[in-house]
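Notes for the one structure printed next.
The values are calculated or read from the model by the stated rules, or taken from the named source; none is laboratory data. Given the structure is predicted, the values throughout are model-derived calculations rather than measurements. In this analysis, Cβ positions are derived from the backbone assuming ideal geometry, glycine residues included, and neighbour counts consider all displayed protein chains.
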Amino acid sequence: MHKIVVTHYHEDVSMMIDFYNLSNYLWMDNFIYTRQAIISVVANSPDLSAVIDKLNTNQDNITKLLSTYYSSDSVDTFNQLLKLHVSLIASLLSAIYSKSDTTSILSQLNSNSNDIANWLNTTNAMEWPLSTILQYWNQHIGYVVQQANARVSSDWVGDISAADADHSCIAQLASLFAKGIIYQNLDQFCTTITSTTAPKPSPMPVPRPGPTPHPMPKSPSPYISPYDYDYDDFHHYGPYHDHCYPYYPYYPYYPYYPYLSAAPPHPTPPSPHPHVTPHVTPPHPLPPHPTPHPLPPHAHVVHPHPFPPPPK
């Protein structure tokens with residue numbers, strides 16, 4: 001018998017959460033050290049070169065998130081675009097601090113932003129739409145310029161406000177970045193469970209049980225004629241089914257049901273059964289039913305079973 005190999009794929013939510021948190025952590029590093037670079041440039045601090053080196057290392061770490069899911073050549077191109085962005089940001093901050101013309105540097109930053117957005121959109125057009133990536137990237141550059149200008153002019157409230165806006169922008173970009181990688185490579189965020197089983201044979205049909213004989217013999221009744229119902233054919237529904245007397249008001253054992261206060265109406269004879277010869281005339285007509293009809297004395301006795309014990 002052939003065996004069936006079944007592979008189940010289960011989304012590993014913990015793996016997704018870990019990746020999402022790592023992406024958010026690295027992009028928050030990008031925000032923190034960009035903010036530190038702004039402070040170092042305006043304060044003319046000697047730690048600027050160390051901060052820029054840290055930013056370049058941060059770009060390497062961000063691109064390492066992509067190396068597992070995309071080709072190395074493509075990831076290297078993205079890494080070079082990010083490091084060019086860091087270099088242009090450093091030049092822009094120096095120009096703002098020295099109050100030089102920033103038109104040329106902003107034009108280069110705009111071109112670099114378009115290249116980064118195009119790379120992301122080409123890699124994953126479904127999760128990284130071009131307009132959304134450009135919006136976040138241009139907002140980030142605008143908030144960096146606002147922070148630098150505010151610190152140069154000692155506008156500390158405006159500096160903090162722009163830093164908060166930049167923090168929110170980078171957080172949304174980090175979320176979009178992580179979701180795009182997860183959704184496009186969902187099979188790598190799943191655990192597989194493989195099982196080998198033999199097909200189960202089809203169950204054999206169980207034969208339906210035949211008619212169950214009634215526990216009581218035929219008994220005469222003042223209200224039912226043997227020509228009206230064929231007892232054996234009418235009561236063949238199985239054990240206890242024909243005990244549901246509310247469904248059969250013309251039951252042959254009517255006098256033993258104390259819930260009735262009067263005789264039932266005269267029943268309409270059913271169609272003749274197959275083994276009964278058609279057009280059989282009863283030897284005598286049925287007597288008329290008295291209304292009301294008093295119940296016999298034994299009918300008021302409530303038996304534990306719907307039928308009386310069989311006669312001895």
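Please give the helices (runs of 4 or more DSSP H) falling wholly within the range 1-108 in which 3 or more residues are assigned by TED's automatic domain parsing to the domain that holds Ser153 and among the aromatic types (Phe, Trp, Tyr).
So the answer is 13-42.
I'm trying to understand the selection: among the residues of the range 126-160, which are polar (S, T, N, Q) and in contact (Cβ under 8 Å) with a residue 12 or more places away in the chain?
Thr132, Asn138, Gln139, Gln146, Gln147, Asn149 - these are the residues of the range 126-160 that are polar (S, T, N, Q) and in contact (Cβ under 8 Å) with a residue 12 or more places away in the chain.
For the range 109-160, which positions are more than 21 Å from Ser40 (Cβ to Cβ) and not in a helix (DSSP H, G or I)?
Once the filter is applied, which keeps residues that are more than 21 Å from Ser40 (Cβ to Cβ) and not in a helix (DSSP H, G or I), the range 109-160 yields Asn124, Ala125, Met126, Glu127, Trp128, Pro129.
Can you tell me which residue among Thr57, Thr63, Thr123 is of a type in the set (Ser, Thr, Tyr) and touching a residue at least 24 places away in the same chain (Cβ under 8 Å)?
Thr123
Could you tell me which residue of the range 30-47 is surrounded by the most Cβ atoms within 10 Å (Cβ to Cβ), considering only residues that are more than 46 Å from the chain's Cα centre (by Cα) and free of Cβ contacts under 8 Å to residues at least 40 places away in the same chain?
Ranking the qualifying residues of the range 30-47, first place goes to Ser40.
Among the listed residues Val41, Val75, which satisfies the condition of being farther than 20 Å from Gln139 by Cα and touching a Phe, Trp or Tyr at 6+ places or on another chain (Cβ under 6 Å)?
Details: Val75 fails: touching a Phe, Trp or Tyr at 6+ places or on another chain (Cβ under 6 Å).
On inspection, the qualifying residue turns out to be Val41.
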